[in-house]
Each structure stands twice: as C-alpha cells, then as structure tokens.
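First comes the structure, then the notes that go with it.
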Amino acid sequence: MSRRPRGPPPPASGTSPFASLVRQLLDSLQSEEALRSEIISAAVSTEVEQGPVRRDGSVTLTFSQSPNDVTHYIKGKRSYADDTSGGFSDVYKCVLEKPGEPRAAVAVKAIRLGTSDATVLRNRGNKLRGEVHIWIRLNHPNVLKLHGIADGFAPLPALVSPWVENGTLTRYLGGAGRQMQKGHRIYILVKVAEALHYIHSKHIVHGDLTSSNILINDEGQPLISDFGLSSILEEYNETSYFKSNRPGSIRWVAPELLETLPKPTIRSDVYSYGCVILHTLSGKVPYSEMRDISVPVAKMNGIRPQRPTDLPIERTHWDLIKSCLNATPDNRPGLPDIIGFFRA
C-alpha cells in the first residue's frame with residue numbers, strides 16, 4: 001500500500017549539549033573508563049534483605065515480592081552455543097517440570113561474575129534483585145516473562161524465562177528472517193516500540209536496548225528482555241560501559257551515555273531504539289562501516305551511521321532514524337509519536 005511522504009515525528013523541546021571527551025574515551029578503550037553508576041534508573045521502592053555468602057561462594061537473596069524459586073523443577077541442563085552475552089553470562093536450555101503444569105522449555109541465564117569477593121557478590125546481588133523486582137511486575141505481550149529464579153548455576157541465582165527458539169533479533173535478521181518483507185519488519189518495530197513505551201509508563205528505563213536483547217518467538221513476535229542486566233556486571237564500586245556490556249553494543253548506546261557517570265533515560269532508550277530501526281530495516285548493525293573501536297569517537301563527534309544501501313531504507317524512515325539519533329536528547333521524538341508514524 002502506497003503512503004504519502006511524511007516527515008518524522010517532532011522532537012521534544014529543549015537542548016542539552018554533551019561534552020566532548022574523545023581523549024578520555026580513547027584512553028578508556030584500554031583502561032575501561034568508568035561510565036555509569038546505575039543502569040536501572042527506576043529504583044525499586046520495596047525493602048529487601050541481603051543474605052550471607054554461603055561457603056560454596058553462592059549468595060542468598062531474599063525478596064519482599066518473592067519470585068518463584070523453580071530450582072527443584074529445572075531438568076536437562078544444556079549449554080546454549082548461540083548465547084550472545086559476550087562471555088558475561090551463561091545461558092542454558094533446560095526443561096521446567098512443575099507439578100500440574102505442562103513441561104516447558106526454558107532459558108536459564110546465569111551471571112558470570114569472575115570473583116569470589118563477598119562484598120562484590122553482595123553488591124551484584126543487589127543489582128540482580130533490582131532487575132528481578134522490575135521484571136516480575138511487568139505484564140505485556142512483547143516483554144519476556146520471568147518464570148522465576150534457580151540456584152545451582154552460578155553464585156547468584158539464575159533467571160528463568162521461556163525458551164525462545166528463534167533467539168535474538170540479531171540472529172533472526174541474519175538467518176530465518178533475512179528475507180522478511182518490509183511489512184513484517186515494520187510490525188516488529190511497532191511491537192518493540194509499544195513494549196518499550198509500556199516499560200517507560202512503569203517508570204522504568206531499559207538502559208541497554210539492542211537487537212541482541214530483543215527475542216523473536218515462533219509467531220514472529222518480538223520480546224524485550226534483559227532490563228538492566230549489565231549493571232550486575234559492574235566491577236566492585238566502579239562503573240564501566242566497556243566492562244559491563246556485550247561486545248558491539250556500543251553501537252546502540254546514546255552518545256550522552258559516553259560521559260562520565262551518566263544515567264540512562266527514556267531519551268537514551270529512544271536513541272537505542274533508533275538503532276534497532278536501522279538494523280531491522282536494513283539488516284545492518286549501526287555503524288557497520290567501521291570497527292567497534294571507532295564508533296565511540298564517531299558518536300562523540302556527532303557522526304551518524306551511514307545510510308545502508310544493500311537493503312535501502314526509504315527516505316521517511318531514514319529521517320525518523322536521524323531524529324531518534326539526534327545528539328541532543330530532548331530533540332528526539334517520543335515513542336507514542338514514533339508508533340503513530342509507523343501506523344499512519
């Protein structure tokens with residue numbers, strides 16, 4: 001169906017220039033510069049208690065809103081070879097066998113900590129507890145469900161969610177979805193935007209949206225996952241984007257998050273969503289024309305990713321991407337406007 005040419009949705013008002021830190025950023029690629037103090041911007045308001053570190057190095061966590069402990073119902077532990085976490089977690093494909101319920105394939109994500117220090121374990125346990133509290137109170141068809149937590153996979157409890165056979169959007173675009181028609185690509189983008197808007201309506205900032213934490217189920221529906229998971233990986237009391245995130249995710253991060261000790265915001269999520277638009281419509285990751293090490297410098301200098309040519313992006317969609325990638329956060333469009341743009 002033909003569409004009238006139209007421009008991207010209008011940005012919010014206001015300006016907020018960000019500092020040029022190219023020299024510091026270049027140094028950080030070697031020294032892993034501390035970049036953010038808290039990825040879960042919406043702090044969980046409920047009071048929780050931290051249990052002791054056990055003799056085996058595992059941590060006991062208690063929750064005021066208790067998630068299901070499904071440890072005893074997890075069977076058939078198998079490592080997942082296509083895990084895209086970049087070595088920061090181990091993903092297992094298991095079977096959940098709960099009495100009175102059908103057997104279900106599940107993904108068990110265990111955080112790889114690389115330390116046995118009790119203080120670090122408690123600190124990261126707090127971050128994990130924050131993510132679990134966020135996750136269990138979300139209910140949206142395009143947000144991945146949390147079945148519960150399970151012990152025995154890592155020092156911290158592992159997160160148990162439904163198994164999604166198609167894997168990540170990144171994997172899908174390079175495989176089964178490579179020949180996907182543009183209409184379905186737009187459908188995926190609308191559903192991701194709706195889920196992200198729902199998350200924001202709950203006063204939650206995702207903080208780490210990339211195509212590698214959007215899953216595609218058997219029906220072709222996208223599911224957003226990994227809310228703030230990267231914050232659990234912070235080293236001691238230092239923060240580091242380069243330590244905590246998967247290799248390549250720098251391509252999705254908003255430039256203002258490359259400043260010292262930033263906090264992700266709804267507007268930085270919109271920037272990352274713009275990168276998801278680019279990837280979904282073209283099959284190319286943002287800044288595919290350059291290596292990872294060059295991307296931060298390009299962002300800090302206001303250089304946008306090149307417009308892909310292999311699978312061309314029409315002008316109005318490219319204008320929308322440019323709006324989402326605006327270097328000034330308040331000049332980026334809101335998600336309701338983006339959804340309306342795609343549905344028009």
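The values are calculated or read from the model by the stated rules, or taken from the named source; none is laboratory data. What you are looking at is a predicted structure, and each value in this text was computed from that prediction instead of being measured. Here the Cβ positions follow ideal geometry from the backbone for every residue, glycine too, while neighbour counts run over all protein chains shown. Note: accessible area is taken over every heavy atom of the protein model, side chains too, but ligands, DNA and RNA are not part of it. Shrake-Rupley method; radii C 1.70, N 1.55, O 1.52, S 1.80 Å.
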Ignoring ligands and nucleic acids, what accessible area does TRP135 show with a 1.4 Å probe (Å², nearest 10)?
-> 10
Alpha carbon Rg of the range 260-344, scaled by the compact-globule rule 2.2 N^0.38 Å = 1.09
Order of 166-173, 265-272 by packing, highest average Cβ count within 10 Å first?
-> 265-272, 166-173
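Place a +1 charge on the Cβ of each Lys and Arg in the range 122-229 and a -1 charge on the Cβ of each Asp and Glu, then give the dipole magnitude about the Cα centre in debye, rounded to the nearest 20.
Computed charge dipole of the range 122-229: roughly 240 debye.
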Its Cα gyration tensor gives the range 167-343 an equivalent ellipsoid whose semi-axes in whole Å, largest first, are 23, 18, 17
Assuming R0 = 30 Å, can you tell me the calculated FRET efficiency for the pair SER294 and GLU97, based on Cβ-Cβ distance, to the nearest 0.05?
-> 0.05
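Sort MET180, MET290 from largest to smallest accessible area, using a 1.4 Å probe on the heavy atoms of the protein chains. Don't skip to the answer; put the middle values down first.
Details: MET180 25, MET290 50 Å².
So the residues, ranked largest to smallest area, are MET290, MET180.
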Ordering of 148-157, 199-208, 181-190 by burial proxy (mean other Cβ atoms within 10 Å per residue, highest first) | 148-157, 199-208, 181-190
Top to bottom by accessible area (1.4 Å), largest first, where do VAL95, VAL143 land?
-> VAL95, VAL143
